[in-house]
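Read the structure below first, then the notes.
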Amino acid sequence: MARILIVGAGLTGSLCAALLRAEFPQRLLRVVVWDKAQGAGGRMSTRRSDRDPKCTADLGGQYITRTPDNAKAHQSFYEDLLSHGVLKPLTVPVKGMVVKEGVDNFVTPQGSSSIAKHYLNKAADTDVFYNHHVTQICLKDGKWDVGTSTGFSDCFDTVILTMPVPQILQLQGDIATKSPDTAPSVVVHTTVSFGTERLEWDKDKVQQLIINELKAIMPQLPEPASIKCQKWRYSQVTEPFSGSPGQITLQAKPVLICGGDGFVHSNFDGCIDSALSVVKALKASL
């Protein structure tokens, strides 16, 4: 039985797991997922309040946008998510949103991380482990020996890396609201340029700038019970891999594949395209 490790439980990683499980029976392929966070989602992150676990906020993806081309190419994926209530049409107006003909927007009632969780649930018998921060990958006796920041390691026949490209490049080794009594949450997103210019600033200083601007826009907003300022060092793809191939195979035997929206384009459909490309490349190698 071949053992495959998927590093990253975000959109691309979770969808890869679901697609692999649909393509190969468990007796032929054992799929394992590691993620450094405490839960699934990656940049589709849903945060729970420390004071009220029922109060949640999406710190990553705001909503899903479907273009006419993607609606046709990825119809089965959208139908699946809509039929299970993971996605619902965005029906409220968004100030400043440019409405384009044929473009649909969707929200995630259970939080944006519910998309990744949905795909992991579909990947039956997949072993998912959190708090596994991969720091090195080494070739050992024809297999990949993958180590974590805690010193734990395990060997796999194939490794699929789905985290942001800058994190891949840091690796060492041979590759170098649900009820009325729940308080509402408010998420404030900055522009990409704002975040880039202040990436290395003290987080408290940036948080105060955002709060001051929010109070100017919404002066009647009550004082928050708690605040979480999330810095996204790797949020959007500004320079995708040349040719946008969806994946690149770093080594054919044992297989080492890199995937994710960094190899296509930075949105939900980019993750779908990447996952499909990864599985296609893996099928050709098995």
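The values are calculated or read from the model by the stated rules, or taken from the named source; none is laboratory data. Note that the coordinates shown come from a computational prediction; the quantities given were computed from them, not determined experimentally. Note that we place each Cβ from the backbone using ideal geometry, even for glycine, and neighbour counts take in every protein chain shown.
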Exercise. Between a first residue in the stretch 158-175 that is aliphatic (A, V, I, L, M) and a second residue that is in a loop (DSSP other than H, G, I, E, B), which pairs have beta carbons less than 6 Å apart while being 6 or more apart in sequence or on different chains?
Worked result: Met163/Gly8
Exercise. So which residues in the stretch 41-65 are modelled with pLDDT of 85 or more and farther than 13 Å from Gln110 by Cα, if there are any at all?
Worked result: Gly42, Ile64, Thr65
Exercise. Going by the conditions given, is Ala73 small (Gly, Ala, Ser) and either modelled with pLDDT under 85 or in contact with a strand residue (DSSP E or B) (Cβ under 7 Å, 6 or more places away or on another chain) (or both)?
Worked result: no
For this session: Only residues in the stretch 105-117 that are within 22 Å of Cys16 (Cβ to Cβ) count as the first member; pair them with residues that are aromatic (Phe, Trp, Tyr) and in a loop (DSSP other than H, G, I, E, B), Cβ under 9 angstrom, at least 6 apart or cross-chain, and list the lot.
Result: Phe106/Tyr63; Thr108/Tyr63; Ser112/Tyr63
For this session: Test His132 against the stated conditions and say whether it is buried (at least 21 other Cβ atoms within 10 Å of the Cβ), modelled with pLDDT of 95 or more and assigned to a loop (DSSP other than H, G, I, E, B).
Result: yes
For this session: Can you run down the residue pairs with Cβ atoms below 7 Å, 6 or more apart or on separate chains, where the first is in the stretch 31-51 and more than 11 Å from Gly10 (Cβ to Cβ) and the partner is charged (D, E, K, R)?
Result: Val31/Arg21; Val32/Arg3; Val32/Asp127; Thr46/Asp58; Arg47/Lys228
Exercise. Within the bounds of the stretch 213-235, is there any residue that is of a type in the set (Lys, Arg), at pLDDT 85 or above and surrounded by fewer than 14 Cβ atoms within 10 Å (Cβ to Cβ)?
Worked result: yes
Exercise. Which one is nearest to the chain's Cα centre (by Cα) among residues in the stretch 83-126 that are of a type in the set (Gly, Ala, Ser) and farther than 18 Å from Thr46 by Cα?
Worked result: Ala123
Exercise. Would a scan of the stretch 37-44 turn up a residue that is out of contact with any Pro (no Cβ under 9 Å at 6 or more places or on another chain), surrounded by fewer than 11 Cβ atoms within 10 Å (Cβ to Cβ), over 30 Å from Ala252 (Cβ atoms) and among the hydrophobic types (A, V, I, L, M, F, W, C)?
Worked result: no
Exercise. Does Gln75 meet the test of being under 25 Å from Val134 (Cα atoms) and loosely packed, with under 14 Cβ neighbours inside 10 Å?
Worked result: no
For this session: Could you tell me which numbered condition Ile272 fails, if it satisfies all but one of (1) within 23 Å of Phe77 (Cα to Cα); (2) among the aliphatic types (A, V, I, L, M); (3) not in a helix (DSSP H, G or I)?
Result: (3)
For this session: Select, from Ser185, Ser244, the only residue that is small (Gly, Ala, Ser), surrounded by 12 or more Cβ atoms within 10 Å (Cβ to Cβ), at pLDDT 85 or above and not in a helix (DSSP H, G or I).
Result: Ser244
Problem set entry | Entirely in the stretch 1-83, the strands (runs of 3 or more DSSP E) that have 3 or more residues that are of a type in the set (A, V, I, L, M, F, W, C) | 2-7, 29-34
